[in-house]
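Okay, so here's the structure we're looking at.
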Amino acid sequence: MDKVNRSRREFLMLLGGLAIGTAVGYVIGSLPKPAPVTSPTPTPEKTIPPEIEEIRRKYAGTTIRVATYAGPESELLMYGLYRPFEELTGIRVIVETYDEPTLREKMLLDFRERTGYYDVVRVQFWHMPEYFINGWLEPLDPYIESSLISEWLDLNQFPERARNAFKYGGNLYVIPDCLLTSLSIYRKDIFENEGWSFPTTLDKYYELLNEFKKLKERGKYTDMYGTWGRGYPQFDAYGSISGWAWAYGAKSLDEEYNPLIDSPEFTEAMTDWINMLREHGPPGQATIGWVKGGELYCAGAILMQTEVSGFGNYVNNPEKSSIVGKNGFSV
């Protein structure tokens, strides 16, 4: 287990060094090239810091298995870093990626059976009480304190509230890797063509969807839908729904942690949410989640969406999106 936790920590903290190296390389490569010389220029030998050599000596040949869920920040974190990490350390990283419901099922099976199949897992904060109570995660504090390269990990780089969300009994169980918020993304090109500005209230949001529907009825944008939402019956959908309900003054829990989802405010919010998706969303809304909804928007089938901010990485990525450069953003 010692090898596993050290590897995970070092894996995360490689980001800073790799990003700087890439930036410097680009600047040098963009400068005017000097005149060619006839004498050969010796290629400098690649030097490996002693700390990295120590890691390779101890852990080369080790394999760690990582479980994560599909999403833009997952791709940036895992697939953008694990290969350089493997090259530096000699540790093999196997990354398994699933949609959120499937990932949770696989994690719970591994946790409950205590098979130890996964060495590193990506978790959401709302599941932490369950993980804490059952002792399914290992405290990271001893491994952080004994890090081979302590300067790779400065916990003060992470907001205190984010760290506290993953603490239990005074111990830190998870290192946060991203903070997401609500973000509206819309087809800026269509808004400009129609002379629209992005709505600043929910009433205006609904009004614009109705206006877009009328345009569709007159033969414009017939291959598009006004919006989409996480309509499938999975727990991660609640994050989107509760954020929408917050705009109605609704809360999920009171100060004593009693549920408030049957309050008049929450009921009104959910009624409007369901009616909006039925009237303006694509077919099969009750089966659409994070992955499918993002694919629909990136395919140019959606006018606007209000979802987590991680989607901002997708819509302007030419490998993922057919509408690069046609998007606007609003918070």
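Table: residues versus (1) free of Cβ contacts under 8 Å to residues at least 60 places away in the same chain; (2) over 22 Å from the mean Cα position of the chain (by Cα); (3) surrounded by fewer than 14 Cβ atoms within 10 Å (Cβ to Cβ).
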residue: Glu268; (1), (2), (3): yes, yes, no
residue: Asp272; (1), (2), (3): no, yes, no
residue: Pro282; (1), (2), (3): yes, yes, no
residue: Ala286; (1), (2), (3): yes, yes, yes
residue: Lys292; (1), (2), (3): yes, no, no
residue: Glu295; (1), (2), (3): yes, no, no
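Within the range 190-204, residues that are more than 18 Å from Tyr297 (Cβ to Cβ) sit with their Cβ atoms under 6 Å from residues that are at pLDDT below 95 and of a type outside the set (S, T, N, Q), at 6+ positions apart or across chains, in these pairs: Leu202/Ala247. Under 6 Å between Cβ atoms, which residue pairs at least 6 apart in sequence (or on different chains) link something in the range 152-175 that is assigned by TED's automatic domain parsing to the domain that holds Phe132 with a partner that is among the aromatic types (Phe, Trp, Tyr) and in a helix (DSSP H, G or I)? Close Cβ pairs (under 6 Å, with a partner that is among the aromatic types (Phe, Trp, Tyr) and in a helix (DSSP H, G or I)) amount to Ala165/Phe125; Tyr168/Phe132. Going residue by residue through the range 234-242, is there one that turns out to be over 25 Å from Thr201 (Cα atoms), in contact with a Lys or Arg (Cβ under 9 Å, 6 or more places away or on another chain) and among the polar types (S, T, N, Q)? Among the residues of the range 234-242, at least one is over 25 Å from Thr201 (Cα atoms), in contact with a Lys or Arg (Cβ under 9 Å, 6 or more places away or on another chain) and among the polar types (S, T, N, Q), which makes the answer yes. When residues in the range 239-265 are screened for being surrounded by 12 or more Cβ atoms within 10 Å (Cβ to Cβ) and either outside the structural domain of Ser309 (by TED's automatic domain parsing) or outside any loop (DSSP other than H, G, I, E, B) (or both), 9 of them pass.
The values are calculated or read from the model by the stated rules, or taken from the named source; none is laboratory data. Worth saying up front: this structure is predicted, and the values here are computed from it rather than measured. Cβ coordinates were reconstructed from backbone atoms using ideal geometry, including for glycine residues, and neighbour counts include every protein chain displayed.
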